[in-house]
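Since the structure comes first, as structure tokens, the remarks are kept for the end.
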Amino acid sequence: MAKPKDDTDAVANNLSQDPHRVREGSEKVLEVAIGREVRSFRRQQGITVADLANLTGLSIGMLSKIENGNTSPSLTTLQLLANALSVPITSFFRRFEETREAVHTKAGEGAETERAGTRAGHQYQLLGHLGANASGVMVEPYMITLTEESDVFPTFQHDGIEMLYMLEGEVDYRHGDKVFALKPGDTLFFDADAPHGPESLVKLPARYLSVISYPQSS
């Protein structure tokens, strides 16, 4: 049975952001929102900071401060950036103005869904769903319950990344040409473009949380 490589600590030390960061009271929310938009538009167009400096006449140091939300750019500066990036000046404010959504699904109120290959005894419960959002990423959390033995299991293959967290029971789970023995407390994180699904049900009933994420354009 395949064993996932234990490199969680190494990965954690190289995360691009701290998901548990606490915003300091002095942080300027508007400036941060503007900076993120400037960086996003620049990267979308494949422009380096040096290129943008040449296009706008602003220094690299000033652009760095703007992108990191460490300074409050004037309207004149924002207009220079908008012209260089070929976007409306108002687009720099969209993250600040957008409403951030949250979905609260109470116990037992998840929507049961049908997935290709789903059979009796395999229950897929969608726990919540956010539509188009500023992150550019869609996330679908499912509670999956397997209650019946079977010789045939559905195999899934789709865009995105998927994470499984085992809550109850034991399942041998296939991903590509590898099979992982999942027990309560185990996590499996994988590229969902490879064929995947339960290989055998070792101990029933089995329940696990499945979280699928993929780009909004998928």
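Couple of notes before you dig in:
- Check on PRO184, surrounded by fewer than 16 Cβ atoms within 10 Å (Cβ to Cβ) and modelled with pLDDT of 95 or more: yes
- Looking only at residues of region 165-181 that are surrounded by 16 or more Cβ atoms within 10 Å (Cβ to Cβ) and small (Gly, Ala, Ser), we find that the one that is farthest from LEU204 (Cα to Cα) is ALA181.
- Any chance GLY121 is surrounded by 14 or more Cβ atoms within 10 Å (Cβ to Cβ) and either at pLDDT below 80 or of a type in the set (Ser, Thr, Tyr) (or both): yes
- Test: residue in region 10-20 that is under 30 Å from ALA181 (Cβ atoms), in a loop (DSSP other than H, G, I, E, B), at pLDDT below 95 and acidic (Asp, Glu): no
- Residues within region 65-83 that are surrounded by 14 or more Cβ atoms within 10 Å (Cβ to Cβ) and assigned to a helix (DSSP H, G or I), tallied: 8
The values are calculated or read from the model by the stated rules, or taken from the named source; none is laboratory data. Bear in mind that the values here come from a model prediction, so they are computed numbers and not experimental data. When we count neighbours, we look across all protein chains shown, and the Cβ atoms used for this are built from the backbone with ideal geometry, even at glycine.
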